[in-house]
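The values are calculated or read from the model by the stated rules, or taken from the named source; none is laboratory data. None of these values were measured; they are calculated from a predicted model. For neighbour counting, all protein chains shown are included, and Cβ atoms are generated from backbone atoms with ideal geometry for every residue, glycine included. To get the accessible areas, we keep the full protein, side chains included, count just its heavy atoms, and leave off ligands, DNA and RNA. Shrake-Rupley method; radii C 1.70, N 1.55, O 1.52, S 1.80 Å.
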Amino acid sequence: MCGFKGKGILFMLLCIWSFQGVAQSGVIRGRVFDKVNNEELPFANLMLQPGGIKATSDIDGTYVFENLEPGNYNLEVRYASYQATAISDIPVSNAKETEVNVGLKTAVDSLQELVIVSPFTELEEAPVSLRNLSAAEIERFPGANRDVSKVVQSLPGVSPQPGFRNDIVIRGGAPNENRFFLDHIEVPNINHFATQGSSGGPVGLININFIRSVDFYTGAFPTMKGNALSSVLDFKQKDPAKDKFNSTFTLGSSDVGITFDTPLSEKTGLIFSARRSYLQFLFQALKLPFLPTYNDAQFKLKHKFDDKNELTIIGLGAIDNFNINTSVNDGVTDESILERNNFILGNIPVQEQWNYTVGAKYRRYRENGYHTFILSRNQLSNSSTKYLDNDESDDSKLLLDYVSRETETKFRYENLIQKENWKITYGAGLQHVNYTNATYNKIFTQQGPATVDFDSEMSFQKYALFGQLSREWRRLTLSFGLRTDIADYGSEYMNPLDQLSPRISASYKVAPKWSVNGNWGMYSQLPAYTILGYRDSLNQLANRDRTGYIDVSHYVLGVKYDVGTYSRLSIEGFYKDYSNYPFSIRDSISLANLGADFGVIGNEPINSTSEGRSYGLEFLFQQKLSKGFYGIVAYTLVRSEFKDKNDAYIPSAWDNRHVVSLTGGKKFKKNWDLGLRWLFSGGAPYTPFDLATSSLRASWDVRGQGLLDYNRLNSERLGVFHQLDIRVDKRFYFKKWSLNLYLDIQNMYAFAAPTAPFLIAETDADGNPIVDPNDSSRYLVKTVDSSSGSPIPTIGIIAEF
């Protein structure tokens, strides 16, 4: 992903493409087992496509395919009294063995034994609103640069956001409504330079080299995965290698990384990676006003005591720095570039951020199920400073000094029981939370200038109880779940009946390929710690008694049709009803409109009085890789509305109306791949500036930026957004290693993505604001169009040893 322009790209491609490789043999090895009790299934029948290559598992349930030509394969598995299954898009290389362990589910009747279940994930709890992506799909997605947050923007219900951020906006909900799990362990943050109080950022944190697959829920959340309102991303990681030491080297548009995958003993293995960005050098060369730098590391350790007991330990961490390029205007004469640079320099703070998650999962299998114990700890440290005119030598010019830290220690227990066609899951969770915040912030509001200055520290506990009961018949599947969450933060959070979250799912097979599916559920989410930890001038937790859990009810109904083993058509309608959403007392707006920008969300007086709704229709046709083709056709019709201060429903910031994604690819001979993606999104609403208040010298001199006119909240709308991405891959297979070279071009036809205009003061030759000659209490201000767009080419190198 090494970004270059013009002739440099062509030159590097020609140089690298001149190397030739010789294809060697690959190996797929694995185990077939009962997914409930982990017992081996001997003499299962397996078949690889293309080629129709067959194999049978041995007495231990293990199997092997050898002497395979490197490439991508689909695997079909059958076993008596179990549901047949298919696994698509298995990458095979001669550099290392590919391990594919196949867990099978007991069949309800003999009909399920004979029919191949498609590779699309099926769960009793979630017959709707669940999509699955394999690592190979994420790896080759055009325009995504191996970042799963950008890949899911091609799925229905997800609104792509213009610009370089990867905020996940689901069915009209804000980016802070999503939750993430890595091998069943919750990871609060999956992005570098994360927006505190939300979930987005510009660069993904999770290394795709670890990932086996991702389950993406946009509704029908299982009860054990709480605190989500819009989506759950459940990442399943690969197990460490068992045969030999392997390594993967990646060179990308913004970073360089190395991954090690090795057995440590017969029962223990480790995967470890580290990445270092060089984005700051690229941005400096391109004369951009900000200089980001990030580093991250990730590991997975797995120890298998025996066939019934296993331990997984994971870790994920990042260090991010965001500095200002104060010399960006040196030699620049273009007035529009100077205006853009000065606006950014005047508004973006210097930021330092680090975070980590470490966790352990112990699983013990038994005859009819398994116990799971999870212990984890995560921490986020975030600091920002800003000086007027970026003059750090003068303490009187300090505008912002913010230091915050969030720490969570979590324990969760789950018990799964499978008895014939009944499935029971129940468990409990306990969390200890510690939060600190020191804020000094000069602001100007509609009420005049103000200084926010407080120090806060708080600790409290969170508790959860959950259970799910599912029953499967030949045609009908039903699932009922119940969850409750409480926190001893305050009286509004302590009643378990207030957060009681029932949910019910149903699926009926009209015909072998057709099914009608539905879900109703109520979900709760704790407000951000920035809200809970805010203190007033009396040093009291100002939001303790006027906030509570955020609530939403989901209604989803849909149909599915399996066109073939590897292709599916689905249509879903949805309705989401929000209540108790955080509402800004200072600005009189719902926080549901915020979250897709840098900074901090919720560090202010809040009450839980906002209400909202979103509703729409989704269409999806997905073709998993088969016969060299893959593709996604997705369309979403969505309306998202939240009440304003006058208690009237108005469009939210995520009311894109129409969203289209067209993605397709072809694998050619001699290991060439071509992928295309076209995204379209209707214009999003935005709030214009209050020119009268912003132009006041008393206002502008405080922060040097405009105030939004919340009396006209989301009254303006941007133009439509669309973008074409293209990616070309060429793979070489040498005797003991392999090389993947790719060219990825985002925004192929240089569409100027519309973004909200910004407000600047007109300045004299010395850069000082010009006083309005007709009103000495004001400056002359003007709005400036911020739309921009150019192709972003990327050359990437992935070498496996």
Gly163 open to solvent by 10 Å² or more (accessible area, probe 1.4 Å) and either over 9 Å from the mean Cα position of the chain (by Cα) or among the hydrophobic types (A, V, I, L, M, F, W, C) (or both): yes
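Considering only the stretch 148-167, how many residues are in contact with a helix residue (DSSP H, G or I) (Cβ under 6 Å, 6 or more places away or on another chain) and either closer than 14 Å to Asp597 by Cβ or part of a loop (DSSP other than H, G, I, E, B) (or both)? Give the steps one after another, and end with the answer.
Kept after step one, since they are in contact with a helix residue (DSSP H, G or I) (Cβ under 6 Å, 6 or more places away or on another chain), are these residues of the stretch 148-167: 148, 151, 158, 160, 166-167.
Narrowing further to those that are either closer than 14 Å to Asp597 by Cβ or part of a loop (DSSP other than H, G, I, E, B) (or both): 160, 166-167.
Of the residues in the stretch 148-167, 3 are in contact with a helix residue (DSSP H, G or I) (Cβ under 6 Å, 6 or more places away or on another chain) and either closer than 14 Å to Asp597 by Cβ or part of a loop (DSSP other than H, G, I, E, B) (or both).
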Residue match in the stretch 115-127 (condition: within 21 Å of the chain's Cα centre (by Cα) and within 22 Å of Asn72 (Cβ to Cβ)): yes
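Rundown of residues vs (1) at pLDDT below 95; (2) over 30 Å from Val510 (Cβ atoms); (3) open to solvent by less than 50 Å² (accessible area, probe 1.4 Å), yes/no style:
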{"site": "Ile550", "(1), (2), (3)": "no, yes, yes"}
{"site": "Gly564", "(1), (2), (3)": "yes, no, yes"}
{"site": "Ser570", "(1), (2), (3)": "no, no, yes"}
{"site": "Tyr575", "(1), (2), (3)": "no, no, no"}
{"site": "Pro582", "(1), (2), (3)": "no, yes, yes"}
Residues located in the stretch 36-57, provided they are open to solvent by 60 Å² or more (accessible area, probe 1.4 Å), more than 15 Å from Val92 (Cα to Cα) and either of a type outside the set (A, V, I, L, M, F, W, C) or outside any loop (DSSP other than H, G, I, E, B) (or both): Glu39, Glu40, Asn45, Lys54, Thr56
Ala487 under 29 Å from the mean Cα position of the chain (by Cα), over 29 Å from Gly595 (Cβ atoms) and surrounded by 16 or more Cβ atoms within 10 Å (Cβ to Cβ): no
Candidates Leu500, Leu482, Leu476, Leu469 - the one that is surrounded by fewer than 15 Cβ atoms within 10 Å (Cβ to Cβ), out of contact with any Cys (no Cβ under 6 Å at 6 or more places or on another chain) and more than 30 Å from Arg535 (Cα to Cα): Leu476
Residue match in the stretch 373-383 (condition: over 23 Å from Phe444 (Cβ atoms), open to solvent by 50 Å² or more (accessible area, probe 1.4 Å) and not in a strand (DSSP E or B)): no
Residues of the stretch 673-689 satisfying the condition of being within 29 Å of the chain's Cα centre (by Cα) and part of a strand (DSSP E or B): Asp673, Leu674, Gly675, Leu676, Arg677, Trp678, Leu679, Phe680, Ser681, Pro685, Tyr686
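Let me confirm something: among Val633, Val556, Val660, Val638, which residue is touching a strand residue (DSSP E or B) at 6+ places or on another chain (Cβ under 7 Å), touching a residue at least 12 places away in the same chain (Cβ under 8 Å) and open to solvent by 50 Å² or more (accessible area, probe 1.4 Å)?
Among Val633, Val556, Val660, Val638, only Val633 is touching a strand residue (DSSP E or B) at 6+ places or on another chain (Cβ under 7 Å), touching a residue at least 12 places away in the same chain (Cβ under 8 Å) and open to solvent by 50 Å² or more (accessible area, probe 1.4 Å).
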Any chance Gly331 is among the small types (Gly, Ala, Ser), assigned to a strand (DSSP E or B) and out of contact with any His (no Cβ under 7 Å at 6 or more places or on another chain): no
The stretch 328-367, residues that are open to solvent by 30 Å² or more (accessible area, probe 1.4 Å), closer than 22 Å to Gly706 by Cα and in contact with a Phe, Trp or Tyr (Cβ under 6 Å, 6 or more places away or on another chain): Phe343, Ile348
Residue check for Val169: in contact with a Pro (Cβ under 9 Å, 6 or more places away or on another chain), touching a residue at least 12 places away in the same chain (Cβ under 8 Å), open to solvent by less than 10 Å² (accessible area, probe 1.4 Å) and β-branched (Val, Ile, Thr): yes
Single condition Pro188 does not satisfy, out of (1) open to solvent by less than 10 Å² (accessible area, probe 1.4 Å); (2) part of a loop (DSSP other than H, G, I, E, B); (3) under 25 Å from Asn355 (Cα atoms): (1)
Residue match in the stretch 786-793 (condition: hydrophobic (A, V, I, L, M, F, W, C) and open to solvent by less than 30 Å² (accessible area, probe 1.4 Å)): no
In the stretch 591-620, the residues that are under 26 Å from Ala634 (Cβ atoms) and touching a strand residue (DSSP E or B) at 6+ places or on another chain (Cβ under 6 Å): Ala592, Gly612, Arg613, Ser614, Tyr615, Gly616, Leu617, Glu618, Phe619, Leu620
Residue count for the stretch 239-254, restricted to those that are buried (at least 20 other Cβ atoms within 10 Å of the Cβ) and either under 12 Å from Ile797 (Cβ atoms) or of a type in the set (D, E, K, R) (or both): 4
Test: residue in the stretch 148-162 that is modelled with pLDDT of 95 or more and of a type in the set (Lys, Arg): no
Filtered residues of the stretch 606-628 (kept if modelled with pLDDT under 95 and surrounded by fewer than 17 Cβ atoms within 10 Å (Cβ to Cβ)): Lys627, Gly628
Residue among Arg179, Arg212 that alone is touching a strand residue (DSSP E or B) at 6+ places or on another chain (Cβ under 6 Å), of a type in the set (Lys, Arg) and buried (at least 21 other Cβ atoms within 10 Å of the Cβ): Arg179
Unique residue being of a type in the set (Asp, Glu), more than 27 Å from Lys667 (Cα to Cα) and in contact (Cβ under 8 Å) with a residue 24 or more places away in the chain when the list is Glu69, Glu125, Glu76, Glu97: Glu125
Selection count where residues are exposed (fewer than 15 other Cβ atoms within 10 Å of the Cβ) and at pLDDT 95 or above, scope the stretch 61-90: 1
